[in-house]
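Down below is the structure, laid out as structure tokens.
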Amino acid sequence: MYKVGENILFHLDKEGNRIEGDLAERYTLKKASGNEAIENKKWVLFELLGKEINTEDTPKQAFMLFNSEQSKVSGNNSCNSFSGSYELKGNGQIALGNIATTKMACPNMEIAASFNDVLNKIDNYTVKDGVLHLNKSKMATLAKFKLQ
């Protein structure tokens, strides 16, 4: 027997009760949100505004991490650390908010500045062949990341 809840399915025991204890999660099926594709993974920048990023030209590796437990995004823009909030709205829509960035000076600040601009513009994403594409509306991809 099963009990259906909103976005969740519970396998019931012989008496029709929900299974409890250490194994309870093995008898619960949750609806997949589709967000698992980008969350809780380290995404490393390899293309920005159509230009390939050579890591030898950057002081630090540019990357992003979407933490699903806290709905926080964090990473490095190739010079400075950043963090803020994010919301995945379904259908590939994403909203970043309250992005805070450290203010260190680095050689070749162009990549870091462009990265920050992209963070303020994006509103959707796609994942194709293990590559995260950050986009603005229906325009060309603004940034591409690969899993590390």
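Values in this text are rule-based calculations from the coordinates and carry no lab data. What you see is a predicted model, and the numbers here were worked out from it, not measured in a lab. Every residue, glycine among them, receives a Cβ derived from its backbone with ideal geometry; neighbour counts consider all protein chains shown.
Full extension of the segment from LYS128 to ALA24, taken as 0.36 nm per residue of separation minus the current Cα-Cα distance, would add 34.0 nm.
The charge dipole of region 108-148, taken about its Cα centre with unit charges on the Cβ atoms of Lys, Arg (+1), Asp and Glu (-1) only, comes to about 160 debye. The trypsin sites (Lys or Arg not before Pro) found in region 39-138 that occupy coil by DSSP, while having at most 10 further C-beta atoms within 10 Å, are LYS103, LYS138.
For the chain, take the longest principal axis of its alpha carbons; what is the angle in degrees between that and the long axis of helix 109-121, to the nearest 10 within 0 to 90? With rounding to tens, the tilt is 40 degrees.
Free of any GluC sites (Glu not before Pro) that DSSP assigns to a loop and that have at most 11 other C-beta atoms within 10 Å, the longest stretch within the chain is 70-148.
Looking at (i) 139; (ii) 170; (iii) 111, which value of volume of the Cα convex hull per residue in Å³ comes from a calculation on the structure shown? Entry (i).
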